[in-house]
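Single-structure report; data block below.
Read-outs throughout are calculated quantities, based only on the coordinates presented, and are distinct from any laboratory measurement. All values derive from a computational prediction rather than experimental measurement. For neighbour counting, all protein chains shown are included, and Cβ atoms are generated from backbone atoms with ideal geometry for every residue, glycine included.
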């Protein structure tokens, strides 16, 4: 996928890599954070579409993609949330709409809850604090069993049952004797040991703290965000609205049109209400 964009990284450790698209036309910029089995590259397609009328940043979380790994293996929600704030500061953004897919929903929720003046809206894409058992099992098995290294790109594509060569060329890095995923092995070790990662926060309580509009977008065929969790999400915060898109867990890639329709409609409502508040 060759989509023109700029890239940058924050100073300090861990240094965070991000991609930037779009033009500043006075609309709220969008900041996207990927999930556990993804990275910023996966968001370039919808990022380009959203960037037609605003600035967009796609971040690689610490330990993923081209961002640094955490030297102390600190992957707690508050630390990963601080990375988002650091990228916003580095880009000179005072305020943004946050989009968090799956695991990225944790850190984006934390930022929205703890830095309310900086967040105009929060979109949680196929994320809820309560994963359905089938999806949890699939994720754990897939992540735990990833080979230590692949001999070539083709072998990785076969393992992940994908024919997207460009993606795997971007997602793998060369090491002695082959290629490895650009993801800290820490995450694989967590799933292999079957221990629960220590998030350091109560995610349900955090969703309740958020004071901006929230869009909870669920893939209708998702095996992680169960239909029965929708009511619990709505009960967690009166500002939260749910939109369902015909897709599995990877909503923005499986149904980009559906994702963009719901996302642009949500942003338009948010910006309209901001206009009313200003006048």
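What per residue convex hull volume, in Å³, comes out for the chain when only alpha-carbon positions are used?
For the chain, the hull spanned by Cα atoms encloses 126 Å³ per residue.
Pick out which of 199, 124, 98 has the largest mean-square fluctuation in a Gaussian network model of the chain, springs linking Cα atoms closer than 10 Å.
199
Kindly express, to the nearest 10 degrees and within the range 0 to 90, the angle between helix 77-91's C-alpha long axis and the longest C-alpha principal axis of the chain.
Approximately 70 degrees, to the nearest 10.
What percent do you get for the relative contact order of region 69-213 when only Cα pairs under 8 Å and 6+ apart count?
Relative CO of region 69-213 lands at 28 percent.
Assuming R0 = 22 Å, what is the FRET efficiency of residue 265 and residue 221, from their Cβ-Cβ distance, to the nearest 0.05? Mind dumping the intermediate values first?
On the way: r = 21 Å, r/R0 = 0.96.
For residue 265 and residue 221, the calculated efficiency is 0.55.
Helix-only mean residue ellipticity at 222 nm, the chain, DSSP H runs n ≥ 4 weighted -39,500 (n - 2.57), per residue, nearest 500. What is it? Write down the numbers at each step before the final one.
Working: 11 runs with 110 residues, N = 279.
One gets -11500 deg cm²/dmol as the mean residue ellipticity at 222 nm.
Among 71, 174, 256, determine the one that fluctuates most according to a GNM of the chain built with springs between C-alpha atoms less than 10 Å apart.
Among 71, 174, 256, the largest mean-square fluctuation in the Gaussian network model of the chain belongs to 71.
Specify the angular offset, from 0 to 90 degrees and rounded to the nearest 10, of the alpha carbon long axis of helix 104-114 from the longest principal axis of the alpha carbons in the chain.
The angle comes out at about 40 degrees.
Relative contact order, percent, of region 175-279 when contacts are C-alpha pairs under 8 Å separated by at least 6 residues?
Numbers: 84 pairs, mean separation 22.3, N = 105.
Contact order relative to length: 21 percent.
Rank the residues 122, 206 as a footprinting-exposure proxy: fewest other Cβ atoms within 10 Å of their Cβ go first.
Details: 122 27, 206 21.
So the ranking, lowest neighbour count to highest, is 206, 122.
Using only the Cα atoms of region 194-233, what do you get for the radius of gyration and for Dmax, in Å?
Cα only, region 194-233: 12.6, 35 Å (Rg, Dmax).
Indicate the gyration tensor shape class of region 1-137 (rounded, prolate or oblate), computed on the Cα atoms with a ≥ b ≥ c the square roots of the eigenvalues: a/c under 1.5 is rounded; otherwise a/b larger than b/c is prolate and the rest oblate. Kindly include the intermediate steps, with their values, before the conclusion.
Details: a/c = 1.33, a/b = 1.24, b/c = 1.07.
Since a/c stays below 1.5, the shape of region 1-137 is classed as rounded.
When a footprinting reagent is the concern and you count Cβ atoms within 10 Å, what order do 203, 263 take, fewest first? Intermediate values should be presented prior to the final figure.
On the way: 203 19, 263 26.
Final ranking by Cβ density, sparse to dense: 203, 263.
Mind checking which of 157, 59, 103 has the largest fluctuation in a GNM of the chain, springs on alpha carbons under 10 Å?
Among 157, 59, 103, the largest mean-square fluctuation in the Gaussian network model of the chain belongs to 157.
Where both residues lie in the chain, what percent of DSSP beta bridges are antiparallel, nearest 5?
Working: 15 of 39 bridges.
Once the DSSP bridges in the chain are tallied, antiparallel ones form about 40 percent.
At R0 = 41 Å, how high is the FRET efficiency between residue 166 and residue 199 if r is their beta carbon distance? Nearest 0.05 is fine.
Details: r = 33 Å, r/R0 = 0.81.
In this case the efficiency is close to 0.80.
Separation between the residue 254 and residue 9 pseudo-spin-labels, each 7 Å from Cα along Cα→Cβ, expressed in nm?
Label-label distance for residue 254 and residue 9, simple model: 3.3 nm.
To the nearest 10 degrees, how steeply does helix 256-278 sit against the main Cα axis of the chain, on a 0 to 90 scale?
30
What list do you get for 244, 189 if you sort them by fewest beta carbons within 10 Å?
Working: 244 17, 189 13.
Least to most surrounded, the residues fall as 189, 244.
Over the chain, what is the mean sequence separation of C-alpha contacts under 8 Å (at least six apart), divided by residue count, expressed as relative contact order in percent?
Numbers: 527 pairs, mean separation 49.4, N = 279.
Once normalised by length, the contact order is 18 percent.
Counting only DSSP beta bridges with both residues in region 99-210, what percent are antiparallel, rounded to the nearest 5? Write down the numbers at each step before the final one.
Values: 5 of 8 bridges.
Counting only bridges with both partners in region 99-210, antiparallel ones make up about 60 percent.
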